[in-house]
Amino acid sequence: MINDVLFALNNKSIAFKKRQVLSNISLKIRRGETVAIIGISGCGKSSLLKVLLEQQREQCSLCPQQPMLVESLSVYHNIYMGQLQQHNFFYNLINLMRPFSKPTAEIRQLTQLIGLESQLFTSVDQLSGGQQQRTSIARALYQGQSIFLGDEPLSSVDPIQAIAMLNIIKARHETVVIALHNKEMALGEFDRIIALSNSSIIFDGPANELNDELMANVYQQPDKSHC
């Protein structure tokens, strides 16, 4: 049904810093799908996610490639920022100085899920890269939206934790679209794969239909110096 379509591009070209990275691409993503976007660095994965975000900004939780955390603040306060816009200035200011019980309980539960409960009030500059990335994911989870858009959100997390985090993301969002490098995760944990290469979509279909030959084409170097 047409109402199930969340994202739609029709012969769309996408540029980054005045350079065209994707040319005349078309796709539809429906409610309930789990989609991995794969391809070499610079092929346009991040640019595609930005275009998708603009179509459903109010329904999307975004987890960017860089954690974008405030390093002087605690894990608690960085996760709380996921709901910063839902409260007024004075509520947020008081919560900064003396956290309220309701958000503290909610965020403590999230940190239990991601394995950071003992670091709840630790400043994020004391965390490892993987812990910071898990904090960034928890901030996106705390937004409570139905769609999760992630740009390499698990790149610094060890493989076992990455699968656990991905399962949490999928359990808490109706629709999941993630750009990632991890080919094994894309093939094993997602229903659908969109593969980018040489400014185009060269595969868009069920993960179990992406064979070795197609995968090799996805990760070959582009004809141009950079997408």
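Residue-wise HN-Hα couplings along segment 194-210, as the Karplus relation 6.51 cos²θ - 1.76 cosθ + 1.60 with θ = phi - 60° gives them from phi, are 10, 10, 10, 6, 6, 6, 9, 8, 9, 8, 8, x, x, 4, 6, 9, 8 Hz; Gly and Pro carry x. Rounded to the nearest 10 degrees, the angle from helix 101-114 to the longest Cα principal axis of the chain is 50 degrees.
Packing, as the average of other Cβ atoms within 10 Å across residues, places the peptides 48-54, 35-41, 155-161 in the order 35-41, 48-54, 155-161, highest first. Of all DSSP bridge pairs formed entirely within segment 2-218, close to 45 percent run antiparallel. Checking the Cα-Cα distances for Lys18/Lys50; Lys45/Lys170; Lys18/Lys170; Lys18/Lys45; Lys28/Lys50; Lys17/Lys50 against a 25 Å cut-off, the pairs over it are Lys18/Lys170. Taking the helices alone, the chain has a mean residue ellipticity at 222 nm of -10500 deg cm²/dmol, built from -39,500 (n - 2.57) per DSSP H run of at least 4 residues and averaged over all its residues.
Among Met97, Met165, a tally of other beta-carbon atoms within 10 Å of each Cβ gives an order, fewest to most, of Met97, Met165. By other beta-carbon atoms within 10 Å, ranking Lys102, Lys12 with the fewest at the front produces Lys102, Lys12. Scalar couplings 3J(HN,Hα) for segment 117-124, obtained by applying the Karplus form with A = 6.51, B = -1.76, C = 1.60 to θ = phi - 60°, are 4, 5, 9, 3, 10, 8, 5, 6 Hz; x denotes Gly and Pro. The 3J(HN,Hα) values that the Karplus relation (6.51, -1.76, 1.60; θ = phi - 60°) gives for segment 28-38 are, in residue order, 9, 10, 9, 4, x, 7, 10, 10, 9, 9, 10 Hz. Gly and Pro appear as x.
Taking amide H as placed 1.01 Å from N in the peptide plane, Val21 has its amide H under 5 Å from the amide H of Ile14, Ala15, Phe16, each at least 5 places away in sequence or on another chain. In this label model, Ser26 and Glu54 are separated by 2.0 nm, measuring between points 7 Å along each Cα→Cβ vector.
The numbers here are math on the coordinates, done by the rules we state, and not lab data. What you see is a predicted model, and the numbers here were worked out from it, not measured in a lab. With ideal geometry, Cβ positions are generated from the backbone for all residues, glycine too; neighbour counts draw on all protein chains shown.
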